[in-house]
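Structure record follows, encoded as structure tokens.
None of the figures in this text is laboratory data; all of them are computed from the coordinates on show. Note that the structure is a prediction, hence the values are computed from the model and not measured. Please note: Cβ atoms are built from the backbone with ideal geometry, for glycine as well, and neighbour counts cover all protein chains shown.
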Amino acid sequence: MTNADIINWNRLEPHPRTDDQSASVATGLEARVHDPLWLLGRQWQFREFEGEDTGSPVSVKLQYATSPLSRWSPGVDDAAANEALDFSSQPLETLVEREGSTLVGLRANAEAGLHFFTLLGARGQDGLKPAYLKAYPLPAPTAQASLLDPQVDRLWGVMAGRAPDAVKLAADLAASLQPSAGTPDLPSIPAVPAAAHDAVLAVAMDWFAWYSTEIGASNANDTWVPERLEYRFAVSAVASKGSGETVLAAPDYRGDGLDWYDFVHQAGRSLGATSESPTVQKWTGLPAPVTFHGMPTMRWWEFENAAVDLGAVDTAPDDLGRLLVTEFATVFGNDWYQIPVELPLGSITSVVSLVVTDSFGQRKLIEPTGQARSKSGPWRMFHVSEAVAGRGAGADLEALFLPPVIAMQMDGAPLEDLLFARDEMADMAWAIERLVEGGSGDAANRAEEWERSLAAAAAAAAAAAPTAPIAAIRYQLATTVPDHWIPLLPVHDGTPRGVRLQRGAMLHFDSGAPVAVEPLGRLLNAPVTPLRFFEEEVPREGRHVQRIPMLARWHNGRIISWIGRRSRVGRGEGSSGLRYDRAVGSVASNV
């Protein structure tokens, strides 16, 4: 017989101490109080006799005003341009993050050209494909593009002669379909028969509209600030409460998911939102108590749900978030009520009035929490704070802001990966291009490109004619740094104690004359001369910036794709191994 065969049974049952078992059980269930005067004293001590919460709300009348967003600006200052905001076809992230200009890789170029051929075939114009292939051949990759991205040669070998150059085709169609004066027409090359002219023109117009939206789409109002490595923009609407305009700015959005807390209220600024008036609506209904898992039960003998144990919350004394949630759940959980109100996306809503009728028939006007008197200050939730502290009372936004943003998006593999790091040994900072967009349109590893270039240089040196023998000891001005390490040099910006990190360049002397090594990615080739980063943007832990293709579905079902940028904390300090003024010995000298 093993231990597994032993079965134990336990049973819990009441055992009265008196002979009258029914009376003893009844006494226990009555939960009698033997010192009622002490309980009355405790009730008086906690001010329960004032009867502040004896009534329960039975009816609520709510009046609120809603204003839709109507204007936006790519900057956060008053001098920035502004224009009408239309988020019916795209979310705010796409409008803000889409890059100012789009570089089309070989794969996207060929796929767009094949789509043009598909539309030609749907119109019965397959016979014109050879003419378009001859007029718009795919350009062969350059030697530098092949060294950076070896895949581009293989891709071009497959697609050359099978797909037209969509980039050049789109440029010619833009000039012919959108002339400054005259009727839209086809380009003169290739020659299209008169019988097929109308059909090909319809194909060209449909394809060009698709290409402009999906492939060659660009954002004329670039919100990316290269010096700060972040996005900056502002949106506005007619004030939903009072008069004037409500301007909300995002001064330091880093591309990590846009929401209401990325905005601040800019009092006194205007973007020209005067076309629409706020919509005032009324709602009357029955409030519902707030319920959540693990909340204390209202009945005396009701067993609480053991799945959520609020008493076992593990928190530290400085973890205010958990402490506040625990206090709300255990002490004030049954004091909250909610009313459902549906609000439109991309709007600012203010409560005009809130009247509550309790179970005693009394009506009370509920003031906003920002105006209510409290020893600990006003309590707010989903509150958009003032942009500049101390600008004046009433500058904070007393409204609920629902930005027109997506709930979920899909991120692709990074097209560009840039790492900023400080090098204490070299007394400088570096911008390390780990990945850049290659000629094929995919990401290319710059470290692998550097190794290929070193191998090619060694092979070329071995094949060259023998040179003079190397001296036993040679003077080296500086050690070699990989091409994808771009130096950031400290310079003064003209202000007291103002230092910025300016993009520099290492020099190569392969051809005799010094040649500056330029970056290949778009992040370091910003249209700013000279490109200077604020010193605080490259802290000791560094900065990590990526260009990522993104895909999302908007509320109307449309699938939207764009390339955005994301700025995060880096990975700490780095070391380039840069050294100056070295004596290098040959192998034979053993120096």
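How far apart, in nanometres, would the label points at ARG322 and ALA462 be if each is projected 7 angstrom from Cα along the Cα-to-Cβ direction?
Taking the two extended label points, one gets 6.1 nm.
What lysines does LYS129 reach when the alpha-carbon gap must be under 24 Å and sequence neighbours fewer than 8 apart in one chain are set aside?
Filter leaves LYS168.
Across the chain, where is the longest run that never hits GluC sites (Glu not before Pro) in a DSSP loop with at most 16 other C-beta atoms within 10 Å? Provide the component values of the computation, followed by the final result.
Numbers: sites that count: GLU52, GLU227, GLU276, GLU302, GLU304, GLU342, GLU424, GLU541, GLU573.
Result, exposed sites excluded: 53-226.
With +1 on each Lys and Arg Cβ and -1 on each Asp and Glu Cβ, how big is the dipole of the chain about its Cα centre, in debye rounded to the nearest 20?
Numbers: 50 positive and 72 negative charges, 198 e Å.
That gives the chain a dipole magnitude of about 960 debye.
Hey, for a label at LEU507 modelled as a point 7 Å past Cα toward Cβ, could you say which residues of the range 429-468 have their backbone N under 12 Å away?
none
Hey, got a sec? Which trypsin sites (Lys or Arg not before Pro) in the range 112-159 land in a DSSP loop and have at most 16 other Cβ atoms within 10 Å?
Working: sites: ARG123, LYS134, ARG154; in loops: ARG123.
Hits after loop and neighbour filter: ARG123.
What Kirkwood radius, in Å to one decimal, follows from the Cα pairs of the range 114-232? Don't jump to the answer; show the numbers that get you there.
Numbers: mean 1/r = 0.0606 Å⁻¹.
One over the average 1/r among Cα pairs gives 16.5 Å for the range 114-232.
Given 10 °C and 1.306 mPa s, compute D for the chain with the Stokes-Einstein relation, Rh being the Kirkwood radius over Cα pairs; round to the nearest whole µm²/s. Could the numbers behind the result be given before it?
Details: Rh = 31.4 Å.
Rounded, D is 51 µm²/s.
Once the Cβ-Cβ distance between VAL313 and ALA267 is put in as r, and R0 is 35 Å, what FRET efficiency do you end up with, to the nearest 0.05?
It comes to 0.35.
Once you charge only the Cβ atoms, +1 for Lys and Arg and -1 for Asp and Glu, what is the size of the charge dipole of the range 106-214 about its Cα centre, to the nearest 20 debye? Display every interim value, and only then the final one.
Values: 7 positive and 10 negative charges, 51 e Å.
The dipole magnitude comes to about 240 debye.
In nm², what is the average projected area of the convex hull enclosing the Cα atoms of the range 217-355? All intermediate terms of the calculation are to be shown ahead of the outcome.
On the way: hull surface 59.7 nm².
So the Cα hull casts an average projection of 14.9 nm².
Using a simple spin-label model with points 7 Å from Cα along the Cα→Cβ vector, what separation in nm is obtained for ASP493 and ILE473?
4.6
Can you pull out the trypsin sites (Lys or Arg not before Pro) in the range 514-569 that DSSP calls coil and that have at most 13 other Cβ atoms within 10 Å?
Numbers: sites: ARG522, ARG532, ARG540, ARG543, ARG547, ARG553, ARG558, ARG565, ARG566, ARG568; in loops: ARG522, ARG540, ARG558.
Here the trypsin sites (Lys or Arg not before Pro) that fit, given the DSSP loop and packing criteria, are ARG540, ARG558.
With an 8 Å cut-off on Cα pairs and a minimum separation of 6 or more residues, tell me the relative contact order of the range 106-214 in percent. Each step should come with its number before you reach the end.
On the way: 96 pairs, mean separation 38.1, N = 109.
Here the relative contact order equals 35 percent.
So for the chain, averaging the separation of alpha carbon pairs under 8 Å that are six or more residues apart and normalising by length, what relative contact order in percent results?
Values: 976 pairs, mean separation 104.9, N = 591.
Averaging sequence separation for qualifying contacts and normalising by length gives 18 percent for the chain.
Which FRET efficiency value, to the nearest 0.05, is calculated for ARG579 and ALA413 with the Förster distance at 35 angstrom and r the Cβ-Cβ distance? Kindly include the intermediate steps, with their values, before the conclusion.
On the way: r = 36 Å, r/R0 = 1.02.
For ARG579 and ALA413, the calculated efficiency is 0.45.
Using a Förster radius of 35 Å, what is the FRET efficiency between LEU147 and LEU201 based on their Cβ-Cβ separation? Nearest 0.05, please. Don't skip to the end; give the middle numbers.
Numbers: r = 42 Å, r/R0 = 1.19.
Calculated value: 0.25.
Along the positive direction of the dipole of the range 106-214 (beta-carbon charges: Lys, Arg +1; Asp, Glu -1; about the Cα centre), which of THR118, PRO141, THR183 reaches farthest?
PRO141
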